[in-house]
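The values are calculated or read from the model by the stated rules, or taken from the named source; none is laboratory data. What you are looking at is a predicted structure, and each value in this text was computed from that prediction instead of being measured. Here the Cβ positions follow ideal geometry from the backbone for every residue, glycine too, while neighbour counts run over all protein chains shown. For the accessible areas, the whole protein counts, side chains as well, though only heavy atoms, and no ligand, DNA or RNA atoms are used. Shrake-Rupley method; radii C 1.70, N 1.55, O 1.52, S 1.80 Å.
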Amino acid sequence: MAAALSAGAFSAQPAQGAPSAIADPPDDQIVIDVATVNGSGCREGTAKVAVAEDNTAFTVTYSDYLAEVGPNSKPTDRRKNCQLNLIVHVPQGFTYAIVSADYRGYAYLQPGATGLQKASYYFQGSPDTAATSHPFTGPQDANWQATDSTDWGQVVWKPCGEQRNFNINTEVRVDVGSSDPTTTSFMTMDSTDGDINTTYHFAWKQCPSS
């Protein structure tokens with residue numbers, strides 16, 4: 001089952017002084033360093049970041065991101081989260097924005113149970129925070145996909161010439177709802193037969209000459 005969010009998920013005012021023309025991705029390979037990783041859904045060593053060779057996207061791979069309710073679950077198992085603080089090393093003369101994000105996972109929800117995937121995005125020091133959520137209802141036993149996207153004119157750009165880390169906060173939650181409390185429901189952003197990738201798509205602009 002797939003959930004999609006309409007344009008406007010990342011809506012906010014463009015960064016002051018940002019150039020107006022969309023540029024081709026820079027030729028130099030982009031490097032992304034993970035400054036910090038915190039959260040019950042991405043314990044140390046369970047989240048990895050990779051950049052596409054064409055610099056149009058980067059992917060976060062999770063290997064242990066699961067929320068669960070049921071007779072053998074603890075109260076803290078119903079909600080799992082991950083906070084990523086990323087340092088994106090941008091080639092000189094360029095700036096970037098994140099225009100869309102694709103999330104994937106698996107949902108096993110009993111009749112009456114509910115699930116929720118949430119995300120928020122912001123540049124360090126910026127008052128603009130974009131938040132999205134995608135609800136799921138049981139019964140369900142299938143892969144899920146959710147996409148956040150925005151209009152080009154409302155994309156938030158990293159200020160030219162400034163190093164600001166990019167923060168991504170995600171959450172997966174499962175609630176018993178009206179389902180049989182003796183049964184188990186869960187939602188993942190990982191997979192038993194291979195890692196699930198969350199992909200964030202770049203847009204690029206050239207900065208004004210100093």
- [ ] Go through (1) of a type outside the set (A, V, I, L, M, F, W, C); (2) modelled with pLDDT under 95; (3) under 21 Å from the mean Cα position of the chain (by Cα); (4) open to solvent by 20 Å² or more (accessible area, probe 1.4 Å) one by one and return the number of the condition ASP148 breaks.
- [x] (4)
TODO: Confirm whether SER126 is outside any strand (DSSP E or B), more than 25 Å from ALA35 (Cβ to Cβ) and either hydroxyl-bearing (Ser, Thr, Tyr) or open to solvent by 40 Å² or more (accessible area, probe 1.4 Å) (or both).
DONE: no
Open item on the list: Can you pull out every residue in segment 167-190 that is assigned to a strand (DSSP E or B) and either over 11 Å from the mean Cα position of the chain (by Cα) or at pLDDT 95 or above (or both)?
Closed with: GLU171, VAL172, ARG173, VAL174, ASP175, SER185, PHE186, MET187, THR188
TODO: Being under 13 Å from VAL172 (Cα atoms), buried (at least 18 other Cβ atoms within 10 Å of the Cβ) and at pLDDT 90 or above narrows it down to one of GLY105, GLY138, so name that one.
DONE: GLY105
TODO: From (1) crowded, with 20+ Cβ neighbours inside 10 Å; (2) modelled with pLDDT under 90; (3) not β-branched (Val, Ile, Thr), pick out the condition that doesn't hold for CYS82.
DONE: (2)
Task: Residue, farthest from THR199 (Cα to Cα), within segment 68-78, restricted to residues that are touching a residue at least 12 places away in the same chain (Cβ under 8 Å) and open to solvent by less than 90 Å² (accessible area, probe 1.4 Å) - done: PRO71
- [ ] Name the strands (runs of 3 or more DSSP E) wholly inside segment 31-114 in which the number of residues that are touching a Gly at 6+ places or on another chain (Cβ under 7 Å) is 2 or more.
- [x] 79-89, 94-109
- [ ] Inspect segment 46-67 for any residue being among the charged types (D, E, K, R), within 28 Å of ASP175 (Cβ to Cβ) and either crowded, with 17+ Cβ neighbours inside 10 Å or free of Cβ contacts under 8 Å to residues at least 24 places away in the same chain (or both) and give the result as yes or no.
- [x] no
Open item on the list: Just to be sure I understand the filter: pairs with C-beta atoms under 9 Å, separated by 6 or more residues or on different chains, first member in segment 159-184 and free of Cβ contacts under 8 Å to residues at least 40 places away in the same chain, second member surrounded by fewer than 18 Cβ atoms within 10 Å (Cβ to Cβ). Which pairs pass?
Closed with: GLU162/GLY125
